[in-house]
Amino acid sequence: MPSDEDNQPQASTSGSGYGEIRASIDVDALEKYLERTLKGVRLPLGVKQFKFGQSNPTYFLTDANNTRYVLRKKPSGALLSKTAHQVEREYTVLHALHQYNLRPTTSSNSRVPVPEPYLLCTDTSVIGTSFYVMQFLDGRIFEDARLLGLPSPKDREECWIAAIRALAALSSIDPADIGLGEYGPPGAYFPRQLRAFSKIAEVQGATRDIDTNERVHQIPFYESMLRWFQTHLPDESRIGRRIVHGDYKLDNLVFHPTQNVVIGILDWELSTLGSPLADFANLTQPWSIKPEYLPTDGVFRQNVRAFKGLPTNIGTSEENCAPVQIDLLEKEYCRCMNLEYPLKDIVFVKSWMLFRTSIISQGIAARVARRQASSANAAQYSTSVDLFGDIARKVVVDSGEDVEEPIQPILHIVLSFFNTHSISP
């Protein structure tokens, strides 16, 4: 049910604040539509927009009864990608999981914590785009993975364990059992990812700045890492095809206001079917990064957490510690999923998720070069390409595997020519 409290959303270390509307919305048209379709709503509506960054504009609604809701919509105007901003898919997965939670046969430990979705509107004449309305969850959202605002190391450990258990609940569901058997493309997940992102990287890498004609920053060790990934693909049949959230991380989780349990998983825009290990690696990414991998100052020291090799928290003000040891998190995930510890193929998955981040950063840099995005942080994106590409390689090397040095550019051109024309050199 919607919450009836009228106070602003609370967050232990912020993250859920809202303010004035930045992306315009026709409130009158929305009120008329919801009065007909949303049971229990009482006009007028108060409408604010959440401050946290997201590609789908998200709004905080309060009706005359002080009942609170959340509305997510597609961005207005022409979209660059038909596959992005699919709020219909978000609603589909939330609805399926909510119905699963309501089954009498679903135990409390098996329920996936999600907000209840109330309605989906695909009629673009209402507010200009498709949108859906869901339950507002009053709780805590942690932006800093160290959880330093919590009173004790025990609380920090409990919150991280809760994040693992919520993920395991999601990862344990057979998609076909809840009507999501066709929710993602067929075939294994990681080969699919490799094909898609390598094509994207090749296009991005050829982009030149429209003013300077300089090429966009290149991904370090690109060729050698791709070869390593292609020859070390995981056996995805061990776990099977599962729902992948796509951006499972601590600040996409809502925790109970006072208890160290997850009450909601947010932001399902990138969800699909595939290997749940991708979500585990994304959640635990700080444990793949050593502090010395990061620049000594700047935005990365502030926003990227690096826990690899650090001891656990020993005091409430200790900043240079990990909130919990990665072994504990991996063992708990294996226990919940009935998997053998340590996780097989986890080195591949951790490295790939970092490498993918490098490609995504290059994409932002490419849009900046074409003046399709703000250039205010252009240097940061170029640094991200280097940083995450290099860390992806270090994850493999630190595990004892060998990654060949990049092939010389001229040799690469020659071999590409022979391969393209089916000629033996």
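The values are calculated or read from the model by the stated rules, or taken from the named source; none is laboratory data. Predicted model only: the values in this text are computed from it and were never measured. So basically every Cβ, Gly included, is an ideal-geometry build from the backbone, and we count neighbours across all protein chains shown.
Brief remarks follow.
- Filtering segment 70-106 to residues that are β-branched (V, I, T) and modelled with pLDDT of 80 or more leaves V70, V87, T92, V93, T105, T106.
- Flag for L137 being crowded, with 23+ Cβ neighbours inside 10 Å, at pLDDT 95 or above, under 21 Å from the mean Cα position of the chain (by Cα) and in a helix (DSSP H, G or I): no
- When every residue of segment 202-222 is checked against the conditions, none turns out to be touching a residue at least 60 places away in the same chain (Cβ under 8 Å) and in contact with a Phe, Trp or Tyr (Cβ under 7 Å, 6 or more places away or on another chain).
- Test for P115: is it closer than 17 Å to I178 by Cβ, in contact (Cβ under 8 Å) with a residue 12 or more places away in the chain, outside the structural domain of A168 (by TED's automatic domain parsing) and in a loop (DSSP other than H, G, I, E, B): yes
- Those residues of segment 21-52 which are touching a residue at least 60 places away in the same chain (Cβ under 8 Å) and outside any loop (DSSP other than H, G, I, E, B), in sequence order: A29, L30, Y33, L34, T37
- Screening I359, I410 for residues that are surrounded by 11 or more Cβ atoms within 10 Å (Cβ to Cβ) and either modelled with pLDDT of 80 or more or farther than 18 Å from I289 by Cα (or both) leaves exactly one candidate, I359.
- Test: residue in segment 87-99 that is part of a loop (DSSP other than H, G, I, E, B) and either in contact with a Lys or Arg (Cβ under 6 Å, 6 or more places away or on another chain) or touching a residue at least 12 places away in the same chain (Cβ under 8 Å) (or both): no
- Only a single item in (1) part of a strand (DSSP E or B); (2) out of contact with any helix residue (DSSP H, G or I) (no Cβ under 9 Å at 6 or more places or on another chain) is not met by N66, and it is number (1).
- Residue in segment 319-335 that is in contact with a strand residue (DSSP E or B) (Cβ under 9 Å, 6 or more places away or on another chain), within 23 Å of S224 (Cβ to Cβ) and either surrounded by fewer than 22 Cβ atoms within 10 Å (Cβ to Cβ) or modelled with pLDDT under 95 (or both) present: no
- Filtered residues of segment 223-259 (kept if free of Cβ contacts under 8 Å to residues at least 40 places away in the same chain and assigned to a helix (DSSP H, G or I)): L226, Q230, T231, S237, N252
- Segment 141-180, residues that are small (G, A, S) and out of contact with any Lys or Arg (no Cβ under 7 Å at 6 or more places or on another chain): G149, S152, A162, A163, A166, A168, S172, A176, G179
- Taken together, A322, A281, A306 contain a single residue that is small (G, A, S) and under 24 Å from S172 (Cβ atoms), which is A281.
- Subset of segment 272-310 (residues that are among the hydroxyl-bearing types (S, T, Y) and at pLDDT below 95): Y293, T296
- The one condition in (1) in contact with a helix residue (DSSP H, G or I) (Cβ under 7 Å, 6 or more places away or on another chain); (2) among the aliphatic types (A, V, I, L, M); (3) surrounded by fewer than 17 Cβ atoms within 10 Å (Cβ to Cβ); (4) farther than 30 Å from S358 by Cβ that A176 fails to fulfil: (1)
- Applying the set (1) in contact with a Ser or Thr (Cβ under 8 Å, 6 or more places away or on another chain); (2) among the aromatic types (F, W, Y); (3) outside any loop (DSSP other than H, G, I, E, B) to F197 leaves exactly one unmet item: (1).
- Matching entry among I265, I243, I289, I239 (being surrounded by 15 or more Cβ atoms within 10 Å (Cβ to Cβ), over 14 Å from the mean Cα position of the chain (by Cα) and more than 14 Å from M353 (Cα to Cα)): I239
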